[in-house]
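**Student:** Sharing a structure here in structure tokens format.
The values are calculated or read from the model by the stated rules, or taken from the named source; none is laboratory data. The shown structure was predicted, so the numbers you read here are calculated from the model rather than taken from an experiment. Note that we place each Cβ from the backbone using ideal geometry, even for glycine, and neighbour counts take in every protein chain shown.
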Amino acid sequence: MQITKNDLGKNQTELTIEVSVAEIKPHLTKAANQLSQKTKIPGFRPGKAPYDLVKSRFGEMAILQAALDDIVNQTFFRAVTQEKLMTVGRPEINIEKLAPENPIVYKAKVSLLPNVVLGDWKKLNIKKKEAKTSSEDIEKTLKQLQELNVKETRADRQAKSGDKLEVDFEASINKAIIEGGKSYKYPVVIGEQRMIPGFENQLIGLKAGEEKEFDLKFPEKYFQTHVAGKNAHFKVKVISVFDRELPKLDDAFAKNIGFDTLMALKEQLEKNITQDKISKENQRVESEAIQEIIKLATINDIPEILVDNEIHKMIHELEDSVRQQGMDMAGYLKSINKTHKDFHTDFRKPAIERIKAALVLRKIANEEKVNVSVDELNAEITKQEQMYKDHPEALANINSQQYKDYLTNVLLNQKVIKLITEKIIK
């Protein structure tokens, strides 16, 4: 096999590969056997007909074409290994020469993993903030627990601040109802400020069955950009008014949710909030450390195929998140007034940042000789098998080679981040 390499720039290389007649021959024999298995040849069992008989039956060119994929796949892999190339994505293959009793010549255009040169990252000094839980943090969480245990009673009176209302409403701009601007029996708690400014105050004084129309302006930085800063007309009908009685914050309240005293509940909340803050601060400094390492590094051009793959991965992650929240992607896209095509633009910059982070972590792993042992991988697989023991589909996935490769990469990144933490986070 002869290989000629041509550097195309921007981390792309073209290989011209010539496969000799002798190297092709075993593949032709294999392809002939496969052809004879698919079509019965009189006097021979499937796959057992002599090569010359198969050749006379199908033609030598048909056998060559049947063998082509196998020849290209194997020789391309050998060529990449021989040239010590770190490729990403699928190669672009163009057959240059294909004829019986002749060498096969093809070109393979490949994208290469960008080369990374790390700066002196070990001299970085990333400061970690102390995680403290304030009395305000505890009071806020207690308030949320109160809200979860609120007692609601239908009230035949005018609505006041603090009440919960169920309302039918529609919002229109220039007499056209806006997307997502119509709802039935929508719950609103007056004073929570979850609606646009002014909406909840317009409900004060209304009783069940009463209607009201009013105009409000959407905030300039509203999440639905197509209505941001615009004046809208609202029609509202109150369906129900509920009096809301929050439980008292006392020992009885604490016992109702599993604690002996209110003090014991507060102590547990302090521990939980502190642990959550520590976790978030760890994530923050780890992210900052990686970003600082990226700034010091020199990273070659990132191939478009790598960016596209990362964008697709991010879109799939978003789709999974949307489904887990009980929504469908079409409805979600409509609610934010975006298309899948918009995500390809929106996700491009963060996708490149994720790729750079993965590249520097990989480079640090190589330079610091960080690796994941078979025992470490097997221990993690055993842990996950125990976790998903009642889910056969998950178990099958855990034991697939693709998942093992993914898990190895996750464990490797965790070990590298731990190394970075020990070296530069103070």
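**Student:** Could you pull out every one of the strands (runs of 3 or more DSSP E) wholly within region 150-207 that has 3 or more residues that are more than 16 Å from N231 (Cα to Cα) and of a type in the set (A, V, I, L, M)? Show your work before the answer.
**Tutor:** Working: elements: 151-154, 164-173, 176-189.
Because the criterion is at least 3 residues that are more than 16 Å from N231 (Cα to Cα) and of a type in the set (A, V, I, L, M), no strands (runs of 3 or more DSSP E) in region 150-207 meet it.
**Student:** Of all residues being surrounded by 11 or more Cβ atoms within 10 Å (Cβ to Cβ) and among the hydrophobic types (A, V, I, L, M, F, W, C) in region 367-395, which is farthest from N115 (Cα to Cα)? Just the residue, please.
**Tutor:** Only one residue fits best here, namely M387.
**Student:** Same structure, new question: What's the total number of residues in region 292-305 that are modelled with pLDDT of 95 or more and surrounded by 14 or more Cβ atoms within 10 Å (Cβ to Cβ)?
**Tutor:** 5
**Student:** Separate question: Which helices (runs of 4 or more DSSP H) sit wholly inside region 1-99 and have at least 2 residues that are closer than 30 Å to L112 by Cβ?
**Tutor:** On the way: elements: 21-38, 51-58, 60-82.
The qualifying helices (runs of 4 or more DSSP H) are 21-38, 60-82.
**Student:** What about T16, is it among the hydroxyl-bearing types (S, T, Y), surrounded by 12 or more Cβ atoms within 10 Å (Cβ to Cβ) and within 26 Å of P303 (Cα to Cα)?
**Tutor:** On the way: among the hydroxyl-bearing types (S, T, Y): yes; surrounded by 12 or more Cβ atoms within 10 Å (Cβ to Cβ): yes; within 26 Å of P303 (Cα to Cα): yes.
Here the answer is yes, as T16 does meet what is asked.
**Student:** Filtering region 100-132 down to residues that are under 25 Å from I63 (Cβ atoms) and assigned to a loop (DSSP other than H, G, I, E, B), which residue is farthest from the chain's Cα centre (by Cα)?
**Tutor:** From region 100-132, those under 25 Å from I63 (Cβ atoms) are 100-108; that's our starting set.
Next, only the ones that are assigned to a loop (DSSP other than H, G, I, E, B) stay: 100-103.
Details: P100: 48, E101: 50, N102: 48, P103: 45 Å.
Restricting to residues being under 25 Å from I63 (Cβ atoms) and assigned to a loop (DSSP other than H, G, I, E, B), the top hit is E101.
**Student:** Can you pull out every residue in region 327-372 that is in a helix (DSSP H, G or I), of a type in the set (V, I, T) and over 16 Å from I417 (Cα atoms)?
**Tutor:** Keep residues of region 327-372 that are in a helix (DSSP H, G or I), which gives 329-336, 340-346, 348-367.
Subset that is of a type in the set (V, I, T): 336, 345, 352, 355, 360, 364.
Result: I336, T345, I352.
**Student:** Output the number of residues of region 319-331 satisfying the condition of being under 16 Å from the mean Cα position of the chain (by Cα) and within 22 Å of A228 (Cβ to Cβ).
**Tutor:** First, the residues of region 319-331 that are under 16 Å from the mean Cα position of the chain (by Cα): 319-325, 329.
If we keep only those that are within 22 Å of A228 (Cβ to Cβ) too, we end up with none.
Selection size over region 319-331: 0.
**Student:** How many residues does region 306-317 hold that are free of Cβ contacts under 8 Å to residues at least 60 places away in the same chain and surrounded by 14 or more Cβ atoms within 10 Å (Cβ to Cβ)? Show your work before the answer.
**Tutor:** From region 306-317, those free of Cβ contacts under 8 Å to residues at least 60 places away in the same chain are 307-308, 310-317; that's our starting set.
Add one more test, that the residue is surrounded by 14 or more Cβ atoms within 10 Å (Cβ to Cβ), and what stays is 307-308, 310-312, 314-315.
The qualifying residues number 7.
**Student:** I would also like to ask the following. Would you check which residues across region 252-277 are more than 18 Å from K132 (Cα to Cα) and not small (G, A, S) and list them?
**Tutor:** To start, the set of residues in region 252-277 that are more than 18 Å from K132 (Cα to Cα) comprises 252-264.
Listed by number, the residues that qualify are F253, K255, N256, I257, F259, D260, T261, L262, M263.
**Student:** H233: touching an Asp or Glu at 6+ places or on another chain (Cβ under 9 Å) and surrounded by 14 or more Cβ atoms within 10 Å (Cβ to Cβ), yes or no? So that I can check it myself, show each step before the final result.
**Tutor:** Details: touching an Asp or Glu at 6+ places or on another chain (Cβ under 9 Å): yes; surrounded by 14 or more Cβ atoms within 10 Å (Cβ to Cβ): yes.
Yes, satisfied.
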